[in-house]
1. Please name whichever of 75, 65, 23 sits farthest to the positive end of the charge dipole of the chain, dipole taken about the Cα centre and charges placed at Cβ: Lys and Arg +1, Asp and Glu -1.
2. Let me test this: with uniform point scatterers at the alpha carbons of segment 1-65, what is the Debye-based log₁₀ I(q)/I(0) at q = 0.21 1/Å?
3. Would you calculate the separation in nanometres between label points at residue 109 and residue 135, each defined as 7 Å from the Cα along the Cα-to-beta-carbon direction?
4. Would you kindly calculate the mean projected area, averaged across all directions, of the convex hull enclosing the Cα atoms of the chain, in square nanometres?
5. Among 109, 125, 135, flag the residue with its Cα farthest along the positive direction of the charge dipole of segment 87-137, charges on Cβ as +1 for Lys/Arg and -1 for Asp/Glu.
6. Computed FRET efficiency, Cβ-Cβ of residue 11 and residue 32, R0 30 Å: what is it to the nearest 0.05?
7. In nm, to one decimal, how far is the modelled label at residue 67 from the one at residue 55, with both set 7 Å along Cα→Cβ?
8. Among 69, 20, 49, whose mean-square fluctuation peaks in a Gaussian network model of the chain (Cα, cutoff 10 Å)?
Amino acid sequence: MKIETTKIELSTKPDEIYNITDNIDRFISKIDAVEGTVLIFAVGSTCGITTIEFEPGLRRDFPEMLNKIAPRGHYHHDATWGDGNGHSHLRSSLIGTSLTIPVIDGKLATGTWQQVVFCEFDVRPRQRKIVLQFSGK
């Protein structure tokens, strides 16, 4: 069994969604992965990793949904730290910061319209790291 690790670095803007599928595909190809899993982990507590069809309508629908579930507003976190990103932490908790995807025959086992995305929930631009770790053969 082999384990290979790399990082993706992103300069993000508040409330943006970034398609990182091509980055993951290049990693899988570069290491000659055949069968196994790839872990995608976003380092941070105000961001998320998920899958979505990365098209204009859903890129608007997704943030609108989150605005209904965890809108900007006053949160106890904001009162404690004064940073105004309590909603960002809640969104990160809901979406999650990691995802594991099977690799079959050297390809991500994703659907035709399924892309892996990084979501920036914070209220200011950030320098983000995403860890990719393949386990398998």
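Throughout, read-outs are computed from the coordinates displayed, never taken from laboratory work. None of the values given here were measured: they were computed from a predicted structure. Here the Cβ positions follow ideal geometry from the backbone for every residue, glycine too, while neighbour counts run over all protein chains shown.
1. Towards the positive end, the residue furthest out is 75.
2. One equal scatterer on each Cα of segment 1-65 leads to -1.02.
3. Taking the two extended label points, one gets 1.5 nm.
4. Numbers: hull surface 33.4 nm².
Averaging across all directions leaves 8.4 nm² for the Cα convex hull.
5. 125
6. On the way: r = 30 Å, r/R0 = 0.99.
It comes out at approximately 0.50.
7. 2.2
8. Answer for the Gaussian network model of the chain: 69.
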